[in-house]
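The values are calculated or read from the model by the stated rules, or taken from the named source; none is laboratory data. Everything numeric in this text was worked out from a predicted model, so none of it was measured. All Cβ positions, glycine included, derive from the backbone under ideal geometry; neighbour counts span all protein chains shown.
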Amino acid sequence: MILPKIKVLRSHGRQAIPDLDAVELTPEFRGRPELTATGDTAELEQAAAICPTGALSVTPFALDLGRCLFCGECARRAPRNIRFTNDYRLGSPTREGLVVRPGDRCVAFDTSAVRPELSRCFSQALQLREVSAGGDASIEMELGATGNVNFDLGRFGIGFTASPRHADGVVITGPVSTNMAEALQICYDAVAEPKLLVACGSEACSGGLFARSRAVDRSFFERHRVDLWLPGAPTHPMVFIDGLRTLLGKKQRE
């Protein structure tokens with residue numbers, strides 16, 4: 001009975017990525033943008049005018065990744081000013097750290113903004129409760145992919161649990177709809193201290209396309225501190241894994 005299974009395993013080969021720190025995503029992946037200021041701002045103004053979330057500003061010239069949908073339209077309208085790289089190291093412990101400006105060659109990770117108890121308590125094992133607070137299931141699928149055979153998030157002692165009583169922190173996806181606001185608060189309160197909080201995806205970071213909707217209630221973020229902001233629409237598994245490992249002190253941002 002065991003021999004056929006062994007043959008199948010051998011035929012599949014090793015599917016897990018051996019070194020996630022050495023991963024380089026396809027050039028088609030839209031990751032960290034690089035901004036270049038020019039004297040003529042006509043194209044840039046056109047790009048800012050069509051941005052559906054107001055992520056791009058001309059004066060001052062900046063791109064807010066927390067609002068960005070990574071649609072790429074701004075880069076097509078203003079190719080001299082905006083170019084998306086395939087750099088997936090996008091997470092930040094502060095909301096302000098998601099704002100990219102001309103000359104930036106990385107998304108800064110301010111380690112002084114990270115609470116010291118996070119690495120002390122969770123560097124070896126971390127269980128998270130994911131709450132879809134009005135999301136469209138795209139980020140939820142990407143988070144599920146972090147545990148597949150390719151990325152194997154569990155190798156770092158990180159996983160997801162169904163119960164907040166068994167969790168060390170909460171991952172929020174979606175803009176936080178009014179119908180989910182109370183449920184999110186109940187879930188968060190059920191997690192024991194110390195606990196961490198992750199906002200995953202542009203909708204969670206800023207509300208995204210639904211930021212001004214009457215059906216959205218983002219008062220939760222006014223009451224609680226977010227430990228890690230992860231942009232993306234949706235957030236790639238490598239963005240999530242890199243952000244968490246950097247937050248826990250398992251790697252450093254260059």
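List the residue pairs whose Cβ atoms are under 6 Å apart, where the first residue sits in segment 55-67 and is more than 15 Å from P102 (Cβ to Cβ) and at pLDDT 95 or above, the second is of a type in the set (S, T, Y) and outside any strand (DSSP E or B), and the two are 6 or more positions apart or on different chains.
Here the result reads G66/S206; R67/T53; R67/S206, each pair linking segment 55-67 to a residue that is of a type in the set (S, T, Y) and outside any strand (DSSP E or B).
Looking at segment 103-161, which of the residues that are in a strand (DSSP E or B) and without any contact (Cβ under 8 Å) to a residue 40 or more places away in the chain is surrounded by the fewest Cβ atoms within 10 Å (Cβ to Cβ)?
G159
I need a count of the residues in segment 162-195 that are in a loop (DSSP other than H, G, I, E, B) and closer than 30 Å to A16 by Cβ.
7
Restricting the search to segment 1-52, which residues are in a loop (DSSP other than H, G, I, E, B), farther than 20 Å from F70 by Cα and hydrophobic (A, V, I, L, M, F, W, C)?
M1, A16, I17, V23, listed by residue number.
Applying the selection to segment 53-87, what residues are of a type in the set (D, E) and assigned to a loop (DSSP other than H, G, I, E, B)?
The answer is D87, and nothing else.
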